[in-house]
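These notes are about the structure you will find just below.
Rule-based calculations on the coordinates, nothing more; no lab input. All values reported here derive from a predicted model rather than from experimental measurement. Please note: Cβ atoms are built from the backbone with ideal geometry, for glycine as well, and neighbour counts cover all protein chains shown.
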Amino acid sequence: MAERNFGELISNNQSDGKLVCVGYDPDLDKLPPYMFTHVRGTLPDLPHQLDYSARSQRTCVFHDFLRPIIDATHPYVCTIKPNIAFYEHSEEGESTLNSIILYTNKEYPHIPIIGDVKRADIGNTNKGYAEMAFDRYGFDAITVNPYFGHDTYDPFLRYPGKGLIVLCKTTNPGAALYQDAPVDFYQYQREQILKGSPMTDDEMDLAQVAAKQHYSDTLLEALDKESKLTEKQRRFLEKHRPSNRLLPIYQIVALRTATLAAKHPDTTFGLVVGATHPKAFKPVRLLAPNLLFLIPGIGKQGGDLESTLKFAGDNIVINSSSGIIFASSGPDFAEAAKREVIKLDNQIRHLKQAA
């Protein structure tokens, strides 16, 4: 079998207008109840707090649940994304994940598989993560955490043709706690010069443009909220007006990931940018004009599809998980998933044409 190339597979599917990514996150408590009778006979009611032996008992139906959805939805998807957290709790779950990957590769080899693993560490630990992701499971791409720095990506970069999708702006409401923390990029550059990894001139130019925009947006946001502020909060904002030398950490991640990607053309780099934060798309696309965006948050998390498509650019995939695979709890679950994928695909195509 020819070596698979994640970037080429994604690009080919995008050229056909396919931008949907289905997240295969089979929450044990959401599997269709009828399956326990239909597939295995009657099982006893299981408590909400399942122990590992009971959870393992339920994983036997994963393959019977997920494979029909893959068969029903494959003509309409760009990529699929199983989150490893829903499989690694037992040997049976890991075996199911492996079966899903092998089945998809055999039956639908045009569909790349993103392993949502969010791993990062140093030295041999990341080497083990890379072997798990690319040797054991054979994912075409994985999500990674940038917190440890770029040198920790080395084990992943030894697998040409794979993809690394870096967490940038995640969907959870608490993401702002760290990801929105402002960085004085002049001071940041000073420190990076001393440490031997300064930003390039091009990076500095982009940072200046993005920082001016961030300054304007932050100032306007503060003014919009002034009517709701306490007197103490208002005095604080007046005293500490935002600087046009500031960038949020997530934008630093985007900027530096784009430069790293240019140095490693054998690896397809991307960024996770959540649709629940539509204001993030414009600056991130400015700072990383060529990178793939993996966009979660559409559907039950409330992300706005129209704003996403307006500002995110062309090299994107739109992820939806529970809204698709749990569209029905009855025997028609696979057909219901197909309807939801077609619905999302049609919405994307319509909005793209109208833009």
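Residues LYS195, LYS212, LYS127 in ascending order of nearby Cβ atoms (within 10 Å, fewest first): LYS195, LYS212, LYS127. The Rg/Rh ratio for segment 256-336 is 1.10, where Rg is the radius of gyration of the alpha carbons and Rh is the Kirkwood radius.
Listed by Cβ neighbour count within 10 Å, with the fewest neighbours leading, ARG245, ARG235 appear as ARG235, ARG245. Pairs from the table (LYS228/LYS279; LYS118/LYS352; LYS127/LYS263; LYS169/LYS300; LYS81/LYS106) lying more than 25 angstrom apart at Cα are LYS118/LYS352. Site pair ASP314 and ASN12 shows an inter-label distance of 2.0 nm when each label is modelled 7 Å from Cα along Cα→Cβ. In segment 74-180, the alpha-carbon atoms span a convex hull of 124 Å³ per residue. Across segment 274-317 the C-alpha pair distances fall into 10 Å bins from zero in the proportions 33, 58, 9 percent. GNM remark for the chain: springs join alpha carbons under 10 Å apart, and the peak mean-square fluctuation among ARG241, ARG119, ARG136 falls on ARG241. Of all the options LYS30, LYS169, LYS239, the one that moves most in a Gaussian network model of the chain with Cα springs shorter than 10 angstrom is LYS239. Residues whose amide H falls under 5 Å from that of LEU271, counting only those 5 or more places apart or on a different chain, are VAL166, LEU292, PHE293, LEU294, with hydrogens built in the peptide plane. Rounded to the nearest 500, the helix-only mean residue ellipticity at 222 nm of the chain stands at -14000 deg cm²/dmol, with each DSSP H run of n ≥ 4 adding -39,500 (n - 2.57). Here the Karplus relation 6.51 cos²θ - 1.76 cosθ + 1.60, evaluated at θ = phi - 60°, turns the backbone of segment 329-344 into coupling constants of 9, x, x, 8, 4, 5, 5, 5, 4, 4, 4, 5, 5, 4, 4, 5 Hz, with x for every Gly and Pro. Spacing of the modelled spin labels on ASP202 and LYS118, each 7 Å from Cα toward Cβ, amounts to 3.2 nm. Extending 7 Å from the Cα toward the beta-carbon at both ASN346 and LEU194 defines two label points whose distance is 6.0 nm.
Who wins for biggest fluctuation among GLN189, GLN301, GLN179 in a Gaussian network model of the chain, springs between alpha carbons below 10 Å? Taking springs between Cα atoms under 10 Å, the residue moving most is GLN189. Computed from the Cβ-Cβ distance with R0 of 45 Å, the FRET efficiency linking HIS264 to GLU335 stands at 0.60.
Exposure proxy for VAL284, VAL166: other Cβ atoms within 10 Å of each Cβ, ordered fewest to most, give VAL166, VAL284. The alpha carbons of segment 107-167 occupy a box of 37, 21, 17 Å along the principal axes, longest dimension given first. For the chain, relative contact order (Cα pairs under 8 Å, six or more residues apart, normalised by length) works out to 22 percent.
For the chain, the normalised intensity computed at q = 0.13 Å⁻¹ comes to -1.06 (log10 of I(q)/I(0), Debye sum over alpha carbons, equal scatterers, no solvent).
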